[in-house]
Structures are given as C-alpha cells and as structure tokens.
Amino acid sequence: MPSPISLNLAGAATLEIGKFAQPVVTDYELGRVLFGLYDKKETEDGKIGRLRKPFPDMGDFRSLLRTLLERGILRKSRDFRGNVYNILGKTQYSAEEILCSVDPFAYISHLSAMSYHGLTNRIPSTIFYSTPQHPKWSGFATNKMRADLGDQLESYREGKLPRLTQIRFARIEKKPVHKYASVHTGAFKVVKDRVLRVSTMGRTFLDMVRAAHLCGGINHVIEVYEAHAKQYAHLIVDEVERHGTLIDKTRVGYLLDEKCGITENPVIEKWAQSVQRGGSRRLDPLSEYSSQYSERWCLSLNNS
C-alpha cells in the first residue's frame, strides 16, 4: 500500500489556491486557506508535515505570503489600495470578475448591467458597480466571517490573521470604475460558470430611474424603456412594487404607462392612485424643474 504523500505548507497552500475559481486572492482569503491547513493538517492531496501548532498566527501568515510571492505563485496587484494578489496562470478573467472577487458584496450595475443584459448599444468605458454603504458593508463582512469560520472564528481572531475589510480601487486593468454605495440591498444574479454578479433585469430598470446619470442620461433611459420595457414588464413591476419608493413608482409608472403604453395593469393603476399631488417631483432628479408636466403622474417631465 503506497504511503501518503507528504506536503510542505507552501506546496499545500499552492494547491488549495489553484482550486479557486477566481483570478485574485485577498489577504483574508489567504488567511482562511492558511487557517484551514493548520486546522486539518492535511488536504485531499496529502498530509502536511511540520505543523506543530493547532492554529497559525500573523507571523505564519507573513512567512507563507513571502514564500508564495518569491515562488511567483502570487503577484501583488497594482490596482488596489490593499493587499490583493494575482494567482499564477489565471489570466482568462475580465476586469468585472476581478472586481467581484475583491468585493464579495459588489455586483455590476447601471450602464454596465444594461450592457450585460443587452438593453443598450453603448459600450461603457467605465465599470459601474454597486456595493453596500460602509456601515452595512462592515456588518455583512462580520456575518460572512462568522459563516466562513463558524465556531473557530475566535481562534482565527486570536491569531490576529487578516480580517475581511473593504478594499479601495479606482481602476482595474486600466478601466476606471464608478462605485454606487447604496442604502438599498442589491438584487443581483450570479452568472453561471463565472465569478460575476450582475443586477437582475428588474433591478436594472429600477436603477435607471434612481440614477439616470449612471445609465447614459434620462433620454437614453427613456429610449431603453420604450425599446425593452414591454418584454420585461412583469419583472420591472414586481421589482418596483417590492423594493421601490413612492417616487420610484411614480417615475417607473409614468414611463411604463405614458411612454410604453402599458395600460390596464392593476399594480401600475394602484401606483397612479397613490401619487402625491403638488410638490416638485421630477422625472430626472438631477435636472431643473420643467413646466412640462404629467397630470396623471404629478411629475415634471424635465428630460428635454
């Protein structure tokens, strides 16, 4: 019977990192790999020799990182203001997939999502993405660490190993990025066989009225609604009914009703009955008020 293969720590970590379905690894993810190797003292590839302690500490982490960098398994990425490392051999990924690998709570949104869903013929030069505002992001990070590490979270923390933190970046692979830090919890889909999250079709249409300036401008938003909203009306209405504010419902209701000719929908009718009279609600929140007005939707049509 063959004796089990004995691996050193760096070799075992290299094999584990190679199984990642993503192009980059962060300090936190590398810390989790190291912690798991110390905890189990073996992988499916063999036993790991010379691990005496039950759990690693920050000195062990720095030693492993230095070895992986020296061997070229990892290479420091210049795109991030934090420790993010490119993984050897993983070059077939897009900048959007790198972004979703670095921020576990981010997803592609606005004009970038419109392009992904085939709603626009514009090819954005900037990557638009959404992520929770910082206090909520930190709460999500705490919950994720708890889910990842379970009852061993305190042992991980006692070793002062890297925590999951939000990493700043202004561009990825020379493509500028635009972060939309939202108070709203995102509705996104995970793209099959890719490290990519994209806002759902319904949320993409909702985002168009919330931030038209990130979606090609209000006139382009109207064009997209007129071209595609009938096909996806049930998804749009469901998303806005569940997650839209009163002004969201007013703007989307106007576009579906008066621009797209979607009539006799009971949910849209309910929105029309609930609009607030008076005030200075505008179709485009960033443009000046216009005297052109929708009486039914009590909305200034300031898109010209």
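The values are calculated or read from the model by the stated rules, or taken from the named source; none is laboratory data. Since we're looking at a predicted model, the values are computed, not measured. Methodologically, a virtual Cβ is constructed for each residue, glycine included, from the backbone with ideal geometry; neighbour enumeration extends over all protein chains shown.
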| task | Select, from 172, 108, 87, 123, the only residue that is among the β-branched types (Val, Ile, Thr), touching a helix residue (DSSP H, G or I) at 6+ places or on another chain (Cβ under 9 Å) and without any contact (Cβ under 8 Å) to a residue 24 or more places away in the chain. | result | 123
| Of these, 64, 34, 9, which one is closer than 16 Å to residue 85 by Cα, surrounded by 13 or more Cβ atoms within 10 Å (Cβ to Cβ) and free of Cβ contacts under 8 Å to residues at least 60 places away in the same chain? | 64
| Per-region count, the range 254-290, residues within 22 Å of residue 217 (Cα to Cα) and part of a loop (DSSP other than H, G, I, E, B) | 12
| query | For the range 164-253, list the helices (runs of 4 or more DSSP H) that sit wholly inside it and hold at least 1 residues that are polar (S, T, N, Q) and over 28 Å from residue 21 (Cβ atoms); which are they? | reply | 218-228
| field | residue 134 being within 18 Å of the chain's Cα centre (by Cα), within 24 Å of residue 181 (Cα to Cα), modelled with pLDDT of 95 or more and not β-branched (Val, Ile, Thr) | value | no
| request: Could you tell me which numbered condition residue 89 fails, if it satisfies all but one of (1) closer than 30 Å to residue 212 by Cβ; (2) modelled with pLDDT under 95? | output: (1)
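For every residue, the table says whether it meets (1) under 17 Å from the mean Cα position of the chain (by Cα); (2) among the β-branched types (Val, Ile, Thr).
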site	(1), (2)
76	no, no
95	yes, no
102	yes, yes
119	no, no
123	no, yes
| query | Hey, residue 267 hits all of (1) more than 21 Å from residue 292 (Cβ to Cβ); (2) surrounded by 23 or more Cβ atoms within 10 Å (Cβ to Cβ) but one; which does it fall short on? | reply | (2)
| task | Give me a count of the residues in the range 109-145 that are under 21 Å from residue 169 (Cα atoms), assigned to a loop (DSSP other than H, G, I, E, B) and out of contact with any strand residue (DSSP E or B) (no Cβ under 6 Å at 6 or more places or on another chain). | result | 2
| task | Within the range 232-240, identify whether any single residue is crowded, with 23+ Cβ neighbours inside 10 Å, within 27 Å of the chain's Cα centre (by Cα) and closer than 20 Å to residue 131 by Cα, and answer yes or no. | result | yes
